[in-house]
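Visitor: Encoded as structure tokens, here's the structure I'll be asking about.
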Amino acid sequence: MNKKIIDLKKLPNQGAVSPEVARAIEATSPDAATAQARIAELEALSNSEGVTVGQSAQVAGNISNDSVVQDPRTGGDISPATIAEIQRQAVDDYVTQIQNQNAILNGGKTFQVFDLSEANGDVIDATKEIVTAGLWSDNLTELRTYFTQSMTAAQSPYYVNVFQKLPSATGSAIQYALAYGNALGSGSVLSDSIDDSATRAIYSQYKQLLLPKGINRFLTPSSGSTDSIYVVNFQRNRTKEKLDPGNFELPLSTLSSSAALDATGSVEVSGSALTITLIDDSTIASASNEDAGNVYYVVSGSIANGVHNPAAPVYYGLVYCDHSTIILDGNILDNKMGFQTNTGSNSNGSNHYRLHHSISGSYVSGQKGFKARNKETVSSTFYFVRVKNGDFNYSNNPSYVTGDQGDIFQDDFIGDPKAYITTVGLYNDSRELLAIAKLSKPLIKSKKRELNIRVKLEY
């Protein structure tokens, strides 16, 4: 993308005698051949530099006044003096029109090529910067309210979507999804249609997505390999490039010992709930570089205070930042948070709702919200549009000109043109529009002003 174009209105071509002038010359010429010769002479004059009204009058004077022209209104002859005056006026009007066109064509530009030299060029090639922002809707960094939606019978055994507002409210959007997976298929009903269970399908899906080839179980230092996992899957468009390591804090509250086998329903946190927060261990350990990208352990801790007991962290699972996914060990959540995961055979446990109750109840019981930020690397190229005083002083707005000949509407703009620049278009070598930059406000441009517009292209 090495050209910039600021479009101006296309103007009529120079050198073509207007129909009105041609008719006037034909009416006052003795024959067609003479008329054509005089028209050609006038066109040649209009194409030359420095054409003046005085020169046009000279051409008009060369037109013969010997022919007799009859006035269609009175039937009498028009005097030679009247004919000469009509000729001069027609030619003067035409030359004025050409002067207006020349002023626009010589004083404005349509295309301007970027200077690509490395030393003082107009283009600064891609620079990269890391950008981090709040992950939740409206770029919030902390989520404190949680709502689920009614799921279909086919969807509910697999996952539940969590919103920041009632799903029917304006601005409500999915923030993340929760799921439960079991390698043995426990905790869900066997589906006759696929001869499999929802929990086994979930475990298999995330195993294929996140684990290296040949590894069939998720591993954590606390319990080794585990068949039981809880999944927090952030809405992909919210995490942009990835979940920002070191900048998420997942709150959990202990659940009631009287939780039902099927976990759907109201929040069931313990009356004396213990609320903890989980973070990644990126502050004390390097990521393991796997096929799924950088992987950290999920441990007890907080963003403000870091990992609790760094010498002997309490491990709860794994976080795959590049996939914006947290995997929690179901066995650890059962032992420490009272999840009582339903691992019965052919039993519908809806275990993912247990995780939802634990997260959503954390703000009620412990004033702890779910904190998270996204992260992305933004490449930027800067284009400096240097507008000299004699360039781009005419507008492409149709109101700038008048008539079918494109005359400048404001007479005082003929010698001192002005325009307001609102848009810069970036084109390729084939003059194909690739990007449009809109200015925050119109900038006035005249022969007394120069502009330097910086266009930042991010991708």
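Visitor: Which of the strands (runs of 3 or more DSSP E) found entirely inside the range 271-348 contain at least 2 residues meeting this: surrounded by fewer than 19 Cβ atoms within 10 Å (Cβ to Cβ) and either at positive phi or in contact with a helix residue (DSSP H, G or I) (Cβ under 9 Å, 6 or more places away or on another chain) (or both)?
Guide: Once the strands (runs of 3 or more DSSP E) in the range 271-348 are filtered for at least 2 residues that are surrounded by fewer than 19 Cβ atoms within 10 Å (Cβ to Cβ) and either at positive phi or in contact with a helix residue (DSSP H, G or I) (Cβ under 9 Å, 6 or more places away or on another chain) (or both), what remains is 293-302.
Visitor: Is there a residue in the range 436-445 that is modelled with pLDDT of 90 or more, open to solvent by 40 Å² or more (accessible area, probe 1.4 Å), charged (D, E, K, R) and assigned to a strand (DSSP E or B)?
Guide: Within the range 436-445, one or more residues are modelled with pLDDT of 90 or more, open to solvent by 40 Å² or more (accessible area, probe 1.4 Å), charged (D, E, K, R) and assigned to a strand (DSSP E or B).
Visitor: Oh, and also: Exactly one of (1) buried (at least 19 other Cβ atoms within 10 Å of the Cβ); (2) within 15 Å of Leu143 (Cβ to Cβ) is unmet by Tyr206. Its number?
Guide: (2)
Visitor: Of all residues in the range 115-143, which are under 13 Å from Thr381 (Cα atoms), among the hydrophobic types (A, V, I, L, M, F, W, C) and over 19 Å from the mean Cα position of the chain (by Cα)?
Guide: Answer for the range 115-143, where residues must be under 13 Å from Thr381 (Cα atoms), among the hydrophobic types (A, V, I, L, M, F, W, C) and over 19 Å from the mean Cα position of the chain (by Cα): Leu116, Val123, Ile124.
Visitor: Kindly indicate whether any position in the range 130-137 is open to solvent by 80 Å² or more (accessible area, probe 1.4 Å) and either at negative phi or in a strand (DSSP E or B) (or both).
Guide: There is at least one residue in the range 130-137 that is open to solvent by 80 Å² or more (accessible area, probe 1.4 Å) and either at negative phi or in a strand (DSSP E or B) (or both).
Visitor: On to the next question. Restricting the search to the range 349-367, which residues are part of a loop (DSSP other than H, G, I, E, B) and open to solvent by less than 20 Å² (accessible area, probe 1.4 Å)?
Guide: Scanning the range 349-367 gives Gly349, Ser350, Asn351.
Visitor: Every residue in the range 368-387 that is open to solvent by less than 20 Å² (accessible area, probe 1.4 Å) and either part of a loop (DSSP other than H, G, I, E, B) or under 16 Å from Ile453 (Cα atoms) (or both), please. Steps first, please.
Guide: So the first thing to find is which residues in the range 368-387 are open to solvent by less than 20 Å² (accessible area, probe 1.4 Å), and the list is 369-370, 372, 374, 378-381, 383, 385, 387.
Listed by number, the residues that qualify are Gly369, Ala372, Ser380, Thr381, Tyr383, Val385, Val387.
Visitor: Only residues that are under 20 Å from Ala198 (Cβ atoms) and under 36 Å from the mean Cα position of the chain (by Cα): list them for the range 354-363, please.
Guide: Leu355, His356
Visitor: Another question about this same structure. With respect to Tyr420, determine if the residue is touching a residue at least 24 places away in the same chain (Cβ under 8 Å) and touching a Pro at 6+ places or on another chain (Cβ under 6 Å).
Guide: Details: touching a residue at least 24 places away in the same chain (Cβ under 8 Å): yes; touching a Pro at 6+ places or on another chain (Cβ under 6 Å): yes.
Here the answer is yes, as Tyr420 does meet what is asked.
Visitor: To continue, here is another question. Got a sec? Which of Asn389, Asn452 is of a type in the set (S, T, N, Q), closer than 25 Å to Thr127 by Cβ and touching a residue at least 60 places away in the same chain (Cβ under 8 Å)?
Guide: Numbers: Asn389 fails: closer than 25 Å to Thr127 by Cβ.
Sole residue among the options that is of a type in the set (S, T, N, Q), closer than 25 Å to Thr127 by Cβ and touching a residue at least 60 places away in the same chain (Cβ under 8 Å): Asn452.
Visitor: Related question: Can you work out which of the residues in the range 58-116 that are surrounded by fewer than 16 Cβ atoms within 10 Å (Cβ to Cβ) and of a type in the set (Ser, Thr, Tyr) is modelled with the lowest pLDDT?
Guide: Looking at the filtered set, the residue picked out is Ser64.
Visitor: I'd like the full set of residues that are loosely packed, with under 15 Cβ neighbours inside 10 Å and in contact (Cβ under 8 Å) with a residue 40 or more places away in the chain, limited to the range 146-187.
Guide: The answer is Leu184, and nothing else.
Visitor: Can Asn247 be described as assigned to a loop (DSSP other than H, G, I, E, B), modelled with pLDDT of 90 or more and crowded, with 19+ Cβ neighbours inside 10 Å? Walk me through how you get there before you give the answer.
Guide: Numbers: assigned to a loop (DSSP other than H, G, I, E, B): yes; modelled with pLDDT of 90 or more: yes; crowded, with 19+ Cβ neighbours inside 10 Å: yes.
For Asn247, the condition - assigned to a loop (DSSP other than H, G, I, E, B), modelled with pLDDT of 90 or more and crowded, with 19+ Cβ neighbours inside 10 Å - is met.
Visitor: Just checking, how many residues over the range 388-402 are surrounded by fewer than 19 Cβ atoms within 10 Å (Cβ to Cβ) and part of a strand (DSSP E or B)?
Guide: Step one: list which residues in the range 388-402 are surrounded by fewer than 19 Cβ atoms within 10 Å (Cβ to Cβ), which gives 388-391, 396-399, 402.
Okay, now just the ones that are also part of a strand (DSSP E or B), so 402.
Residues flagged as surrounded by fewer than 19 Cβ atoms within 10 Å (Cβ to Cβ) and part of a strand (DSSP E or B) within the range 388-402 amount to 1.
Visitor: Take the residues in the range 209-244 that are among the β-branched types (Val, Ile, Thr) and surrounded by 20 or more Cβ atoms within 10 Å (Cβ to Cβ), then tell me which one is nearest to Ser379 (Cα to Cα).
Guide: Thr239
The values are calculated or read from the model by the stated rules, or taken from the named source; none is laboratory data. Values in this document were obtained by computation on a predicted structure and should not be read as measured data. Here Cβ is always computed from backbone atoms with ideal geometry, including for glycine, and neighbour counts include all displayed protein chains. Only protein heavy atoms, including side chains, enter the accessible area calculation; ligands, DNA and RNA are left aside. Shrake-Rupley method; radii C 1.70, N 1.55, O 1.52, S 1.80 Å.
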